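The values are calculated or read from the model by the stated rules, or taken from the named source; none is laboratory data. As the structure is a computational prediction, the values presented were derived from the model and not from experiment. Neighbour counts are summed over all protein chains in view; Cβ atoms, including those assigned to glycine, are modelled from backbone coordinates with ideal geometry.
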Amino acid sequence: MTATAARGVVIDDLEHSYDRDPVLHGVSLSVNPGESMALLGPSGCGKTTLLRLIAGLEKPSVGSISIGGEIVAGDAWVPPDRRHVGMVFQDWALFPHLSVADNVGYGIKKSPERAREVGAALEMMELADLGDRMPATLSGGQQQRVALARALAPRPGVLLLDEPFSNLDTSLRVEVRTEVHRLFADLGITSIFVTHDQDEAFVVGDRVAVMRNGRIVQTDIPRVIYHQPTDRWTAEFVGTVSVLEGDASNGTAKCSLGSIPVSPDLRGPVDLVLRPEQLSLEPGDQAVVELVEYYGHDTLIFIALGGEQLGVRCAESAPYVRGDRVQVTFTGEVASAFEIS
């Protein structure tokens, strides 16, 4: 099975309100054909509303949306069934009275090829032997695959997914998101998916748009968002950080760890935002180990340094236990820092 030629999505200065309650504020975003874009943000920030506007389930108050170069909202209006957009809902929204095959074939027009197209979609999602089953008899992972097959069967130019893995348990979520990532890459389909999970966004998204309070605060590849966040809030939202007070001048900031390299543009009081992997430990008398979290592939060690707490990522064989005294060293190249207003 192949997707319809992937289509780009352009959102320009979009605003939307519910009963005069503003939800989106001047949102602009461009998604390239064949790109996987993650909309990452906390609950209530407007992610799902933006997805529904792209799908045509809502009309924007202000602004425009184009799909494949065609305006579908704004100066013109194209109804949902003519946008060539597929959608996977958070609760999967399978029809309980229809078989798996009938669910998958729901959006395909009747034709001599319909049965073959349904079969191809089921095969693609490894559901070929389950076509006669009813949704209630399937596991969560199988239901998720049925929802994906149904969305992909009509060969959409854009696929929208709203928290697609949130109803799966942890181990299954990791397995399914890897399968979906591989599927998107193989099909070359344009996808936009909503998530509040940073790991999920960084794994599946070619780029990530971070949303907060109805606005997009940063859009970039995962590595840039992680290492060069636009502000302290974004830094804390997309991963574990330690925040130290410092004073910046001439490309360094003095703090409780000594002098740490920062952007030369910074002056005066700053918040230093340090990732656990930018720090290292050795025996010493500077700080005290408060907590040790073992993850198998590595260990996260929390230490108390005066009145400040730091998280340090160490090798899984790190010998430290609670109460040990240690020395902390910044081993990164440049620390993220933000001026305190």
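Looking only at the range 290-341, how many residues end up being farther than 18 Å from V241 by Cβ, among the charged types (D, E, K, R) and modelled with pLDDT of 95 or more?
Residues meeting the conditions: 3.
Just one of A38, A76 is out of contact with any strand residue (DSSP E or B) (no Cβ under 6 Å at 6 or more places or on another chain) and either outside any loop (DSSP other than H, G, I, E, B) or farther than 29 Å from A235 by Cα (or both); which is it? Walk me through it before giving the result.
On the way: A38 fails: out of contact with any strand residue (DSSP E or B) (no Cβ under 6 Å at 6 or more places or on another chain).
Residue meeting the stated conditions: A76.
Give the range 134-170 a look and list any residue that's without any contact (Cβ under 8 Å) to a residue 12 or more places away in the chain and part of a loop (DSSP other than H, G, I, E, B), or say none.
Initial filter on the range 134-170 (without any contact (Cβ under 8 Å) to a residue 12 or more places away in the chain): 137, 139, 170.
Scanning the range 134-170 gives a single hit, S139.
Only residues in the range 28-47 that are without any contact (Cβ under 8 Å) to a residue 24 or more places away in the chain count as the first member; pair them with residues that are not basic (K, R), Cβ under 7 angstrom, at least 6 apart or cross-chain, and list the lot.
S30/V10
Checking T49 against (1) farther than 14 Å from L161 by Cα; (2) among the polar types (S, T, N, Q); (3) modelled with pLDDT of 95 or more: exactly one of these is not met. Which one?
Condition not satisfied by T49: (1).
If you take the residues in the range 158-205 that are of a type in the set (G, A, S) and surrounded by fewer than 22 Cβ atoms within 10 Å (Cβ to Cβ), which one is nearest to the chain's Cα centre (by Cα)?
Applying the first criterion (of a type in the set (G, A, S)) to the range 158-205 yields 166, 171, 185, 188, 191, 201, 205.
Now narrow it down to the ones that are surrounded by fewer than 22 Cβ atoms within 10 Å (Cβ to Cβ): 166, 171, 185, 188.
On the way: S166: 12, S171: 18, A185: 16, G188: 19 Å.
Looking at residues that are of a type in the set (G, A, S) and surrounded by fewer than 22 Cβ atoms within 10 Å (Cβ to Cβ), I get S166.
Restricting the search to the range 123-140, which residues are within 22 Å of H97 (Cβ to Cβ) and either touching a Ser or Thr at 6+ places or on another chain (Cβ under 8 Å) or buried (at least 17 other Cβ atoms within 10 Å of the Cβ) (or both)?
M125, L127, L130, G131, D132, R133, M134, P135, L138
Out of all the residues in the range 42-68, which are in contact with a strand residue (DSSP E or B) (Cβ under 6 Å, 6 or more places away or on another chain), part of a loop (DSSP other than H, G, I, E, B) and at positive phi?
G46 - this is the single residue of the range 42-68 that is in contact with a strand residue (DSSP E or B) (Cβ under 6 Å, 6 or more places away or on another chain), part of a loop (DSSP other than H, G, I, E, B) and at positive phi.
Is it the case that E126 is of a type outside the set (A, V, I, L, M, F, W, C) and at positive phi?
Working: of a type outside the set (A, V, I, L, M, F, W, C): yes; at positive phi: yes.
Yes; evaluated as a whole, the condition is true for this residue.
With respect to L244, determine if the residue is in a loop (DSSP other than H, G, I, E, B) and over 25 Å from the mean Cα position of the chain (by Cα). Write out each step before concluding.
Details: in a loop (DSSP other than H, G, I, E, B): no; over 25 Å from the mean Cα position of the chain (by Cα): yes.
Against the criterion (in a loop (DSSP other than H, G, I, E, B) and over 25 Å from the mean Cα position of the chain (by Cα)), L244 does not qualify.
Looking at this structure, is V273 under 13 Å from S336 (Cα atoms), at pLDDT 95 or above and either assigned to a loop (DSSP other than H, G, I, E, B) or of a type in the set (A, V, I, L, M, F, W, C) (or both)?
Working: under 13 Å from S336 (Cα atoms): yes; at pLDDT 95 or above: yes; either assigned to a loop (DSSP other than H, G, I, E, B) or of a type in the set (A, V, I, L, M, F, W, C) (or both): yes.
Yes.
Any residue that is in contact (Cβ under 8 Å) with a residue 24 or more places away in the chain and crowded, with 21+ Cβ neighbours inside 10 Å - is there at least one of those in the range 78-85?
yes
Give the residues of the range 316-341 that are aliphatic (A, V, I, L, M) and either closer than 12 Å to V292 by Cα or outside any strand (DSSP E or B) (or both), sorted by residue number. Talk me through it step by step, then tell me what you get.
Restricting attention to the range 316-341, the residues satisfying the condition of being aliphatic (A, V, I, L, M) are 318, 321, 326, 328, 334-335, 337, 340.
Result: A318, V321, V334, A335, I340.
Anything in the range 171-220 that is closer than 13 Å to T234 by Cα, touching a residue at least 60 places away in the same chain (Cβ under 8 Å) and hydrophobic (A, V, I, L, M, F, W, C)? List them, or say none.
Matches in the range 171-220: V208, A209, V210, M211, I216.
Of all residues in the range 217-241, which are in a loop (DSSP other than H, G, I, E, B), under 17 Å from V203 (Cα atoms) and polar (S, T, N, Q)?
Matches in the range 217-241: T240 only.
How many residues does the range 273-303 hold that are within 16 Å of R322 (Cα to Cα), polar (S, T, N, Q) and either within 31 Å of the chain's Cα centre (by Cα) or crowded, with 18+ Cβ neighbours inside 10 Å (or both)?
Filtering the range 273-303 down to residues within 16 Å of R322 (Cα to Cα) leaves 281-294, 299-303.
Next cut, polar (S, T, N, Q) only: 286, 299.
Checking which are either within 31 Å of the chain's Cα centre (by Cα) or crowded, with 18+ Cβ neighbours inside 10 Å (or both) leaves us with 299.
Number satisfying all stated conditions: 1.
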